[in-house]
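Visitor: My questions will all concern the structure given below.
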Amino acid sequence: MSIERHGGIVDLRSDTVTHPTPAMRKAMFEAELGDDVFGDDPTVNALEERAAELLGKEAALFVASGTMGNLVAQLGHLGRGQETIAGASTHIVSDEQAGHAVVVGTSIRQMAERPDGTWDLAELNDAFRDPRDLHEPISGLVAIENTHAHSMGQPLPLEYVRNVAEIAHAHGVPLHVDGARFFNAARALGLTPRELAQPADSIMFCLSKGLACPIGSMVVGRRDFIARARRGRKLVGGGMRQVGVLAAPGLVALRDGADGMIDRLAEDHSNARTLAEGLAALDGIESAGGLAQPELGPLDPGRVQTNFVVFRVRRDRARFLNGLRGRGILMVEYPHDTIRAVTHYGVDATDIERVLAACAAVLRETSPTAASAAATAAI
Ligand SMILES: Cc1ncc(COP(=O)(O)O)c(C=O)c1O
């Protein structure tokens, strides 16, 4: 597979920066089209069927983005005044402009998360509201994130997802998975996407992250839920027309085997691990703290299970990032004074070597001893 290069830049800011593969571009050019709001676009229909089949659910819906997917999933599951139970650091809680409140008319009860991204299940059980109490909202949804971004992309294991689903269902509430990187999770856990999806009532997954499509996410679940989510998509202006041109790369990404983009995610995970191993050996790099790696000290490459590496530099963070930028390497500031590097299609093992050499050079340049030597020379 020939890799789309980014003008000599190694861009590790996110897996959203990926460019479509040559096979995707060809499929876009050749896509059969129709008006999707009428249900007439054969390429969109084929993509929705493929996504549903892959995850073992009845139906699927193509949406513009992960944020829109989570939003219309909430519209499909919830009524005004209901409440979602979700992890405190997750995208739905912190990074979607409170769409749950603004558009859906619901609240979120936030769960404390452990360093592996999971919750205490007894606490989950206690988080459900008492439907007989007139003061309380009605619990209507449980939402988890898999992979879990702020814990450095930990994949939530199947057994745990099953337990969460069981508790939700015992309270009569569905389980939604924000699976922006769902296939990374399945790959890291050695499961088929269908196995990992089984306990959930709905899953949103992104085509435009590790799967390298230029746009799009899928919402997958029961037929009646997808019909409600489709209405929600129209409400938020997401009814699109001849979007087979955008669905076509998704069909390529979801192909089986070496033709598709799912199996190659293992390469991203291996590159991320190599990056973390190299960084851990450098003086000036340390663990990120918080959920990413709670024990402070050396960066632990064993924490890297998928395509996220989160770390801290014993340097001025902005100077470090600027130094990398000057060498054609992009990383991004992450919460709590940390830095995130994400591997993806378009970044290979040679790039990782280049990144590590650049990190070593910038750490040397920005070290306190380099600064004092420069000051002495200037006297
Ligand atoms: C965990 C998670 N969920 C949802 C989204 C939203 O995806 P989009 O940027 O396509 O709206 C992201 C984006 O980074 C994410 O990381």
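Read-outs throughout are calculated quantities, based only on the coordinates presented, and are distinct from any laboratory measurement. Small disclaimer: the values here were computed from a predicted structure and weren't measured. Methodologically, a virtual Cβ is constructed for each residue, glycine included, from the backbone with ideal geometry; neighbour enumeration extends over all protein chains shown.
Visitor: Once the dipole of the chain is set up with Lys and Arg at +1 and Asp and Glu at -1 on Cβ about the Cα centre, which of ALA168, PRO22, LEU196 lies farthest towards its positive end?
Guide: Looking along the dipole axis, the top candidate is PRO22.
Visitor: Considering only DSSP beta bridges where both residues belong to the range 263-368, give the percentage that are antiparallel (nearest 5).
Guide: So the antiparallel bridges in the range 263-368 amount to around 100 percent.
Visitor: Would you please classify the overall shape of the chain from the alpha carbon gyration tensor, given that a ≥ b ≥ c denote the square roots of the eigenvalues, rounded means a/c under 1.5, and beyond that prolate means a/b larger than b/c while oblate covers the rest? Mind dumping the intermediate values first?
Guide: On the way: a/c = 2.14, a/b = 1.37, b/c = 1.56.
Since a/c reaches 1.5 but b/c is at least a/b, the shape of the chain is classed as oblate.
Visitor: Related question: Restricting to bridges with both residues inside the chain, how much of the DSSP beta-bridge set is antiparallel, in percent to the nearest 5? Numbers along the way, then the final one.
Guide: Values: 22 of 42 bridges.
Antiparallel: roughly 50 percent of the beta bridges in the chain.
Visitor: Between ASP126 and ARG223, what length comes free when the chain is fully extended (0.36 nm per residue of separation minus the Cα-Cα distance, one decimal in nm)?
Guide: 31.9 nm
Visitor: OK, next. Magnitude of the Cβ-charge dipole of the range 33-190, K/R +1 and D/E -1, about the Cα centre, nearest 20 debye?
Guide: Values: 10 positive and 23 negative charges, 49 e Å.
The dipole of the range 33-190 has a size of about 240 debye.
Visitor: For the range 182-234 and the range 236-313, what is the separation of their Cα centres, given in Å?
Guide: 17
Visitor: Might you report the magnitude of the Cβ-based charge dipole of the range 165-265 about its Cα centre, with Lys and Arg at +1 and Asp and Glu at -1, to the nearest 20 debye?
Guide: Computed about the Cα centre, the dipole is about 500 debye.
Visitor: Given the DSSP H assignment, sum -39500 (n - 2.57) over each helix run of at least 4 residues in the chain and divide by its residue total; what's the result at 222 nm in deg cm²/dmol, nearest 500?
Guide: Dividing the helical sum by the residues of the chain leaves -12000 deg cm²/dmol.
Visitor: Within the range 14-123, report the trypsin sites (Lys or Arg not before Pro) that DSSP leaves as loop and that have at most 11 other Cβ atoms within 10 Å. Could you put the intermediate results ahead of the total?
Guide: Details: sites: ARG25, LYS26, ARG50, LYS57, ARG80, ARG109; in loops: LYS57, ARG80.
Answer in residue order: ARG80.
Visitor: Return the inverse of the average 1/r over all pairs of distinct C-alpha atoms in the range 1-88, which is the Kirkwood hydrodynamic radius, in Å to one decimal.
Guide: Taking every pair of different Cα atoms in the range 1-88, averaging 1/r and inverting gives 16.5 Å.
Visitor: I need to check one value: relative contact order of the range 206-280, counting alpha carbon pairs closer than 8 Å and at least 6 residues apart, in percent.
Guide: Relative contact order comes out at 27 percent.
Visitor: Next up: Counting Lys and Arg as +1 and Asp and Glu as -1, each charge on the Cβ, what is the dipole of the chain about the Cα centre in debye, to the nearest 20?
Guide: 720
Visitor: Among HIS135, VAL310, ALA185, whose Cα sits farthest toward the positive end of the charge dipole of the chain (+1 at Cβ of Lys/Arg, -1 at Cβ of Asp/Glu, about the Cα centre)?
Guide: Highest projection toward the positive end goes to VAL310.
Visitor: Label the range 263-368 by shape, choosing from rounded, prolate and oblate, from the square roots a ≥ b ≥ c of the eigenvalues of the Cα gyration tensor; if a/c is under 1.5 it is rounded, and otherwise prolate applies when a/b is larger than b/c, oblate when it is not.
Guide: oblate
Visitor: Per 5 Å bin, what is the whole-percent P(r) computed from every C-alpha pair distance within the range 249-311?
Guide: Spelled out bin by bin, the range 249-311 gives 4, 19, 22, 16, 12, 8, 9, 8, 2 percent.
Visitor: For the range 139-154 and the range 50-68, what is the separation of their C-alpha centers, rounded to whole Å?
Guide: Result: 18 Å between the Cα centres.
Visitor: What percent does the relative contact order of the range 22-258 come to when contacts are Cα pairs within less than 8 Å and at least six residues apart?
Guide: Details: 482 pairs, mean separation 76.7, N = 237.
It rounds to 32 percent for the range 22-258.
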